[in-house]
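The values are calculated or read from the model by the stated rules, or taken from the named source; none is laboratory data. Because the structure is a prediction, the values reported are computed rather than measured. Neighbour counts run over all protein chains shown; Cβ positions are idealised from the backbone, glycine included. Areas reflect the complete protein model, heavy atoms only, side chains present, ligands, DNA and RNA absent. Shrake-Rupley method; radii C 1.70, N 1.55, O 1.52, S 1.80 Å.
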There are 4 protein chains.
Amino acid sequence: MSADKFTELTERIKNFCEERDWSQFHDPKNLALSLQLEASEVLELFQWTKNNEIRSGKEVDMEDELADVFYWVIMLANKYNIDLIKALNQKMDKNEEKYPIEKAKGVSSKYTEL
Amino acid sequence: MSADKFTELTERIKNFCEERDWSQFHDPKNLALSLQLEASEVLELFQWTKNNEIRSGKEVDMEDELADVFYWVIMLANKYNIDLIKALNQKMDKNEEKYPIEKAKGVSSKYTEL
Amino acid sequence: MSADKFTELTERIKNFCEERDWSQFHDPKNLALSLQLEASEVLELFQWTKNNEIRSGKEVDMEDELADVFYWVIMLANKYNIDLIKALNQKMDKNEEKYPIEKAKGVSSKYTEL
Amino acid sequence: MSADKFTELTERIKNFCEERDWSQFHDPKNLALSLQLEASEVLELFQWTKNNEIRSGKEVDMEDELADVFYWVIMLANKYNIDLIKALNQKMDKNEEKYPIEKAKGVSSKYTEL
């Protein structure tokens, strides 16, 4: 019986770093800094566009840049033993409560203004 | 037979937005901008620390902030039909090739310098 | 009688853009985005350092990266007719009030805790 | 005979920190991190806007946020003894050379493509 693919991926990343004895370099502040830098590279794909779309020809880079961000999210989660899936599901529980469909449909207001 | 938990989560987020007719607000540039802003909130947990650790008393906020980043990563992946698990596994394939254990163990150099 | 050097610089930048008819590209959101990207390049000079210092050999890049950030600060100030010197002096007026020397000396606490 | 207003401001900030003995807290990595966080606050003023303009009612915050960014730019320049005005003027010298008016007018292409 196999684990699910997300758990397999986080384990793979954990093992990759352990086998190379890299945890000594991976203090959490530098992980957070790397996360921020990769998020900026995603944002850079939209620099100077007028219509809120991605820069022409840059669609192919999105997958690569987004995977980089995802990597540092998992690295930080591993560092702090955070169950990302559970954490985000709990957030979605709250979101569904805060933004009931009948009130939030087609409305962009923050939930405090609904 | 149930889907794995990551797929379930991405579907849940997709449905959440569709039911509220929110895709009209979720142009990709603003998604990328939100991702960057949440990544900065993770980084803020380390502001002014000297030892590369998280600010005292802020460990409890990490789960919440990291889930926020994870949310926008999934939102962008949904927008561009990106399979995040597959994309990051492909990246790890390359990492394992670029950083062979025998050469990379305990070494922080970039692979081009190994 | 010559203007001071900061006013001369802001005027130079304003003229540079006007002569090239570039204001059509310089919507404020993209200016803010560019500011953020350049600030990230400053931060990148510190990636993976342990002692809170700049990466070895990167000191020479600081001047260049910081000038890039300064450029977008001035561009945004020009866009909104903000007098940066006056705005920051007013902020310093408040800082001097919030952090009196006798209380703040050698103390890193936020002023609300003094 | 008085110094120009930019030099006066940088000296004022230098004295403010020295009088409070705060340089011990102001390692350059945390200065760069603070710069990045404040740049993100500028960017946040544009979150979710569609037309590349600032969020309605947020114009009044721009002066304040921009002054915060300017503060950390000057703090880093003071730390590394960088003459910001000179550094940016040198950059403008190069820009004027790279983007001659006759070629660059109304054209947003990078100079390598002119």
Being surrounded by fewer than 16 Cβ atoms within 10 Å (Cβ to Cβ) and within 25 Å of A:Ser34 (Cβ to Cβ): is that true of C:Asp68 here? no
Determine whether the stretch B:82-90 contains at least one residue that is more than 19 Å from A:Glu63 (Cβ to Cβ), in contact (Cβ under 8 Å) with a residue 24 or more places away in the chain and within 13 Å of the chain's Cα centre (by Cα). no
Out of (1) crowded, with 21+ Cβ neighbours inside 10 Å; (2) in contact (Cβ under 8 Å) with a residue 40 or more places away in the chain, the one A:Val42 does not meet is (2)
Residues of the stretch B:1-39 satisfying the condition of being without any contact (Cβ under 8 Å) to a residue 40 or more places away in the chain and aromatic (Phe, Trp, Tyr): B:Phe16, B:Trp22, B:Phe25
Taking into account only those residues within the stretch B:1-13 that are at pLDDT 95 or above and either hydroxyl-bearing (Ser, Thr, Tyr) or part of a loop (DSSP other than H, G, I, E, B) (or both), which is surrounded by the most Cβ atoms within 10 Å (Cβ to Cβ)? B:Thr10
Anything in the stretch B:14-35 that is more than 7 Å from every other protein chain (Cβ to nearest Cβ) and buried (at least 20 other Cβ atoms within 10 Å of the Cβ)? List them, or say none. B:Leu31
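Out of the stretch B:82-106, which residues are of a type in the set (Lys, Arg) and part of a loop (DSSP other than H, G, I, E, B)? Let's see the steps before the verdict.
So in the stretch B:82-106, the residues of a type in the set (Lys, Arg) come out as B:86, B:91, B:94, B:98, B:103, B:105.
B:Lys105 - this is the single residue of the stretch B:82-106 that is of a type in the set (Lys, Arg) and part of a loop (DSSP other than H, G, I, E, B).
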Answer yes or no: is there a residue in the stretch C:70-81 that is assigned to a loop (DSSP other than H, G, I, E, B), within 17 Å of the chain's Cα centre (by Cα) and either at pLDDT 95 or above or closer than 30 Å to A:Trp22 by Cβ (or both). yes
Let me spell it out: the conditions are (1) at pLDDT below 95; (2) at the interface with chain A (Cβ under 7 Å from one of its Cβ atoms); (3) open to solvent by less than 80 Å² (accessible area, probe 1.4 Å), and B:Lys105 meets all of them except one. Which number is the exception? (3)
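Within the stretch D:31-54, does at least one residue satisfy the condition of being among the charged types (D, E, K, R), assigned to a loop (DSSP other than H, G, I, E, B), over 21 Å from the mean Cα position of the chain (by Cα) and over 19 Å from C:Asp61 (Cβ atoms)?
Restricting attention to the stretch D:31-54, the residues satisfying the condition of being among the charged types (D, E, K, R) are D:38, D:41, D:44, D:50, D:53.
Narrowing further to those that are assigned to a loop (DSSP other than H, G, I, E, B): D:50, D:53.
Subsequent filtering for residues that are over 21 Å from the mean Cα position of the chain (by Cα) retains D:50.
Add one more test, that the residue is over 19 Å from C:Asp61 (Cβ atoms), and what stays is D:50.
For the stretch D:31-54, residues among the charged types (D, E, K, R), assigned to a loop (DSSP other than H, G, I, E, B), over 21 Å from the mean Cα position of the chain (by Cα) and over 19 Å from C:Asp61 (Cβ atoms): present.
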Can you name the number of the only condition in (1) over 23 Å from A:Val42 (Cα atoms); (2) facing chain B (nearest Cβ under 7 Å); (3) in a helix (DSSP H, G or I) that A:Glu63 fails? (1)
